[in-house]
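Take a look at the structure set out below.
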Amino acid sequence: MDTLNHVRIETLSGVMAITLTRPQKKNALTTAMYQRLLQALELASAESSVHAVLLDAEGGDFCAGNDIADFIVLARSGQSFEHSDAWGFLRALVAFDKPLVAAVRGRAVGIGTTMLLHCDLVYVAENASFSTPFVDLALVPEAASSLLLPARMGHLRAFALFGLGEALDAQAAVDCGLANAALPADDVTPRARAAALALAGKPAEALQATKKLMRDHARMGSVMAAEGREFAQRLLSAEAQAIFQAFMARRAPGA
């Protein structure tokens, strides 16, 4: 077991479990966490003994999205979003060639939801909720979600999530194909781990070939590049800067 930068990595019986361990901040992702997640996916892809990956999180929430403070630092740094650690993780997620299984409890916000579009099996708690409030932050969707979310649930429902900032509950996520099953919270990780272990026991090359056939990497890459260019512009916009400044003004000292 290896824990660093609020991300724990452990491998057993052909399954690499990648667990977010920042529950006190609802597992909001920092630059250091993106770096660690990217390293984990690269290791899982390269290591022949790893046949499936389980994405999980400690605490009551799966992931509250990107840490807003890191957004502010990125915007002020002058660094291109396409060269950020967050972007590197997203590209690795899109390109990942082995089965990904997710265990989700509580809130999945922003990238906490969009990363699930790249998972092959998703098991959620009955208390789970899913939201993509990019527009509320004066930003745009990422992770090819502007393509994948409408394809999964239709334009109208997807636009309600993106445009209105509406949330999906667990059963709605199952009904629209975002999740496989809604379960009691204590059953989510065991069910997801069992599924990952079952996949790890399958013929690995055939399984990877099947996943590749089911995903249009060229189109996803093209959409993600367009999203990245627009995201970078929005991040520097007066709209976004005003929202970030308001957030920092509300933030308690030392938080």
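The values are calculated or read from the model by the stated rules, or taken from the named source; none is laboratory data. The model shown is predicted, which means the values in this text are computed figures rather than measured ones. Cβ placement follows ideal geometry from the backbone for every residue including glycine, while neighbour counts extend to all protein chains displayed.
Couple of notes before you dig in:
The rows are residues; the columns are (1) part of a loop (DSSP other than H, G, I, E, B); (2) modelled with pLDDT under 95; (3) within 15 Å of residue 139 (Cα to Cα).
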| site | (1), (2), (3) |
| --- | --- |
| 178 | yes, no, no |
| 195 | no, no, no |
| 198 | no, no, no |
| 211 | no, no, no |
| 242 | no, yes, yes |
| 255 | yes, yes, no |
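- The C-beta contact set for region 137-164 (first residue without any contact (Cβ under 8 Å) to a residue 12 or more places away in the chain, second residue surrounded by fewer than 21 Cβ atoms within 10 Å (Cβ to Cβ) and not in a helix (DSSP H, G or I), distance under 6 angstrom, 6+ apart or interchain) comprises 160/166.
- Selection status of residue 90, of a type in the set (A, V, I, L, M), within 13 Å of the chain's Cα centre (by Cα) and at pLDDT below 95: yes
- Qualifying residue in region 135-143 (condition: more than 20 Å from residue 230 (Cβ to Cβ) and surrounded by fewer than 24 Cβ atoms within 10 Å (Cβ to Cβ)): no
- Only one entry of 45, 77, 84, 49 meets the criterion of being touching an Asp or Glu at 6+ places or on another chain (Cβ under 8 Å) and hydroxyl-bearing (Ser, Thr, Tyr), and that entry is 45.
- Test: residue in region 194-203 that is basic (Lys, Arg) and closer than 25 Å to residue 148 by Cα: no
- Test: residue in region 48-67 that is touching a Ser or Thr at 6+ places or on another chain (Cβ under 6 Å), free of Cβ contacts under 8 Å to residues at least 60 places away in the same chain and in a helix (DSSP H, G or I): no
- Considering the conditions (1) more than 16 Å from the chain's Cα centre (by Cα); (2) modelled with pLDDT under 95, residue 95 is excluded by exactly one of them, (1).
- Count - residues of region 1-31 that are among the aliphatic types (A, V, I, L, M), outside any strand (DSSP E or B) and surrounded by fewer than 16 Cβ atoms within 10 Å (Cβ to Cβ): 1
- Residue in region 81-88 that is within 18 Å of residue 7 (Cβ to Cβ), part of a loop (DSSP other than H, G, I, E, B) and among the charged types (D, E, K, R) present: no
- Single residue of 44, 40 found to be at pLDDT 95 or above, of a type in the set (A, V, I, L, M, F, W, C), over 15 Å from the mean Cα position of the chain (by Cα) and part of a helix (DSSP H, G or I): 44
- Any hit, region 146-158, residues being in contact with a strand residue (DSSP E or B) (Cβ under 8 Å, 6 or more places away or on another chain) and surrounded by fewer than 20 Cβ atoms within 10 Å (Cβ to Cβ): no
- In region 89-125, the residue that is surrounded by the most Cβ atoms within 10 Å (Cβ to Cβ) out of those that are outside any strand (DSSP E or B) and touching a Gly at 6+ places or on another chain (Cβ under 7 Å) is 112.
- Residue check, residue 172 assigned to a helix (DSSP H, G or I), touching a Leu at 6+ places or on another chain (Cβ under 6 Å) and at pLDDT 95 or above: no
- Residue list for region 32-59, filter: surrounded by fewer than 17 Cβ atoms within 10 Å (Cβ to Cβ) and closer than 18 Å to residue 193 by Cα: 49, 58, 59
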